[in-house]
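Report on the structure given below.
The values are calculated or read from the model by the stated rules, or taken from the named source; none is laboratory data. The structure displayed is predicted, hence computed values, not measured ones. Using ideal geometry, Cβ is built from the backbone for each residue, glycine included, and neighbour counts are taken over all protein chains shown.
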Amino acid sequence: MTGKHRDWRDRASFSLLQKFFKKRKIEGRILGMLDSGEGFQGSIWSASNQTDVWNRTVGSKDHQWFWPEKDSYDAAILRLPKSKRELEMCVHIAFSSLRAECPLWVYGSNDEGIKSSEKVLWPLAKTVTTVAYGGRCRVLQAMAPSEFSYKDELSDWKNVTRIDLPGFKRDWVSYPGVFADGKLDSGTEVLIKALPSIPEDNRVLDFACGTGLVGGVVDLQLKPGSVDFLDIDLIALVAVQQNIPGARVIPSDGFSRLEEERYDMIVSNPPYHRGKTWSEDFIMAMVAGAAAHLNQDGTLVFVAQRRLQIERLISSHFRKIKILSNQDSYRVWSATL
Ligand SMILES: C[S@@+](CC[C@H](N)C(=O)[O-])C[C@H]1O[C@@H](n2cnc3c(N)ncnc32)[C@H](O)[C@@H]1O
């Protein structure tokens, strides 16, 4: 759907990395981390190197989820994560996976915060140096200290906070880098408060579910096992399984892995950004693609920024449209086939 698209920051920072590796040859087993995939393998290092790419988002059909082995790599290359906590987690995983005296390189653009990420790296590393810069991007090199207490399992990064919504008061699990990471997002709250009542025998899909809050609230109204949770982020889906034990999770880039599934309702608080760039592609594809996964008379309920002009698009795919809420900068749409 949209998951693999690269913006200029991906391209510019990757091109800087390529230039850097023309001068600095690397040998052995390499761990690529969080790169969006395209062009990463094979373009920097020779075929004799073995490269494993660890990415938390689901990619092609043959994507294999793995957790990097300890003490096994000769270099690690990390695409700068979006949040400080995610960067810390990735540095712990990388240092634990590297053999002694092997480098971690972190690359990203200035407006993503690559310069200030040095402040996050310093307390964790023995040394941090800028090894390449240009095109509004940088590559940093961090070396692990000889003594380090690693938090190198996902469970070490589990964050539990309290969600306090009318009729829904729960401890809620999140992990670094998942949407809202333990806080209640205002768009999520507006959507939850506007949700219609749903017949208890309905099947519902929480599309782009994050840690599963929206689907978790819907789940209370229905027979057990009636809500499926779909997201591109595999770590968010680990949180869903802890928040809603027994939940069926679907790792998927948009509708791509849903195949023949059909639902009575699809609920969604969709993403509006690709990296740092504002993008309406996901919501457009969701509105256009939902009908193929809804039963007859099925309904799509979603929250969108009020300024989005999408009524025309919705009415070209659905028969009945209602606005369930107009609050703050959000609008909750209900669209029925
Ligand atoms: C705005 S967040 C909402 C999360 C959750 N529904 C909530 O309200 O807390 C959007 C979610 O979309 C997911 N996402 C982004 N791109 C996606 C894609 N191409 N396919 C499926 N999920 C995607 C993100 O991982 C994120 O969890």
- Note on the structure: The correct count of residues that are touching a Gly at 6+ places or on another chain (Cβ under 7 Å) and among the hydrophobic types (A, V, I, L, M, F, W, C) in the stretch 212-238 is 5
- Note on the structure: Filtering the stretch 119-148 down to residues that are part of a helix (DSSP H, G or I) and over 23 Å from the mean Cα position of the chain (by Cα) yields Lys119
- Message: One residue is enough: does the stretch 136-151 have a residue meeting the conditions assigned by TED's automatic domain parsing to the domain that holds Ala304, touching a strand residue (DSSP E or B) at 6+ places or on another chain (Cβ under 6 Å) and surrounded by fewer than 19 Cβ atoms within 10 Å (Cβ to Cβ)?
- Response: no
- Query: Out of curiosity, is Glu189 more than 10 Å from the ligand (Cβ to nearest atom) and over 21 Å from Ile250 (Cα atoms)?
  - Reply: no
- Query: What residue, among those in the stretch 1-25 that are over 16 Å from Leu140 (Cα atoms) and not basic (Lys, Arg), is modelled with the highest pLDDT?
  - Reply: Trp8
- Hey, can you tell me all the residues within the stretch 55-104 that are in contact with a Leu (Cβ under 6 Å, 6 or more places away or on another chain) and hydroxyl-bearing (Ser, Thr, Tyr)? Tyr73, Ser97
